[in-house]
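Sharing a structure with you now.
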Amino acid sequence: MTHAMLKGSNVPLDAMAVRAVLHWSPGPGVPDVDASALLLGPGGRVRSDEDFIFYNQPRHPSGLVRRLPKKQAGEALTDSVEADLVGLDPSVEQVVLAASSDGASFQHVEDLRILLYDAGSPDGEPLAVFDVRPETGEETAIICGELYRRGDGWKFRAVGQGYPTGLVGLATAFGISVDDSEEDPDAEAEPGADPSADASPAPAPGAFAGAPSDDEETALIPTIPPPPAPPAGAPAYGYPQPPLPAAPPPYGYPQPVSAPRPAYGYPQPAAAAAPAPDPGFRLPPMGPQFVR
């Protein structure tokens, strides 16, 4: 029996594993729709970033929650998420089932609905069907429904809550860390920047790869600064040379003969007497002056 769900209603599940299928009608101006799931622990937040299942991470490490390939169903498109409810870790209290649009809001998506199947018989009648309608028309991500524990079993609730901030806004609301610091490689260059500034010039014909260009070779030759100017009065280098000054007297011996100078110290040489002394002059006797 299929349960037609209204927003906010819930239904118990007897299936051990379920498949949630998003169903919509494509067409001109209709954005693509992607299914995703978040495994929530206590407090209504993910336990780690691995609990976010989406197009860039289509399988949980446990293998119990996974995205399936998109399919064509008549004139409609489908995108699905499958969850093994019995095998999930007891710390997982909810599995949020969401849809995100690429390129436009959900007001351009027609006939969006979520169908819940028993994964053991996916070709049978759906267990529940919920027609998802945006409330403001600006939503780019919508929580279509959620699987949650109730006692020893599981239930499905129709939610229909939208986010205008897309899949990123939805994920961060449940505790996912989104790194948007990486530079967009397609980002436009800054105004006034020369797009060819970083481009390397093509090598000249016949030049081997890695060889420096003429300008680079010139840059490799060291530049020797000119010698400083000599101070004023310094002799100039080159020819003719100015006449050299007179050489100072040499040091050492023998010294050149020069006029005699008086000697210093004692005794001084005696000057010649005039006239000559008396040859008969005798000094008085030295010694005691008294004889007994």
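Taking Lys7 as the anchor, which lysines have their alpha carbon closer than 24 Å to its alpha carbon, excluding any fewer than eight residues away along the same chain?
Counting by Cα, and skipping residues close in sequence, Lys7 has these lysines nearby: Lys155.
How do the peptides 33-42, 46-55, 138-147 rank, highest first, by the average count of neighbouring beta carbon atoms within 10 Å per residue?
Averaged packing, sorted descending, gives the order 138-147, 33-42, 46-55.
Might you work out the accessible area of Lys7 for me, using a 1.4 Å probe with all protein chains in place, and round it to the nearest 10 Å²?
About 110 Å², rounded to the nearest 10.
If you stretched the chain out fully between Ser91 and Ser177, how much longer would it get, using 0.36 nm times the residue separation minus the C-alpha to C-alpha distance?
Result for the pair: 29.0 nm of gain on full extension.
Also, I was wondering about something else. Could you give the alpha-carbon Rg of the range 88-129 over 2.2 N^0.38 Å, rounded to two decimals?
Compared with the compact-globule rule of thumb, the range 88-129 sits at 1.59.
Name the residue farthest towards the positive end of the dipole of the range 3-174 from the options Phe130, Met16, Pro58, assuming +1 on Cβ of Lys and Arg, -1 on Cβ of Asp and Glu, about the Cα centre.
Met16
Scan around Ser105 for amide H atoms under 5 Å from its own, H built in the peptide plane at 1.01 Å from N, and keep only partners 5 or more places away or cross-chain.
Amide H neighbours of Ser105, under 5 Å, 5+ apart: none.
Please state the relative contact order of the range 3-174 as a whole percent: Cα pairs under 8 Å, 6+ residues apart?
Relative contact order of the range 3-174: 30 percent.
Using the Kirkwood formula on the Cα atoms of the range 59-182, what hydrodynamic radius do you get, in angstrom to one decimal?
Result for the range 59-182, one decimal place: 15.9 Å.
Treating only the Cβ of Lys, Arg, Asp and Glu as charged (+1, +1, -1, -1), what charge dipole size does the range 3-174 show about its Cα centre? Round to the nearest 20 debye.
300
The values are calculated or read from the model by the stated rules, or taken from the named source; none is laboratory data. Computed from a predicted structure; not experimentally measured. In this analysis, Cβ positions are derived from the backbone assuming ideal geometry, glycine residues included, and neighbour counts consider all displayed protein chains. Accessible surface is based on the protein model in full, side chains and every heavy atom, while ligands, DNA and RNA are left aside. Shrake-Rupley method; radii C 1.70, N 1.55, O 1.52, S 1.80 Å.
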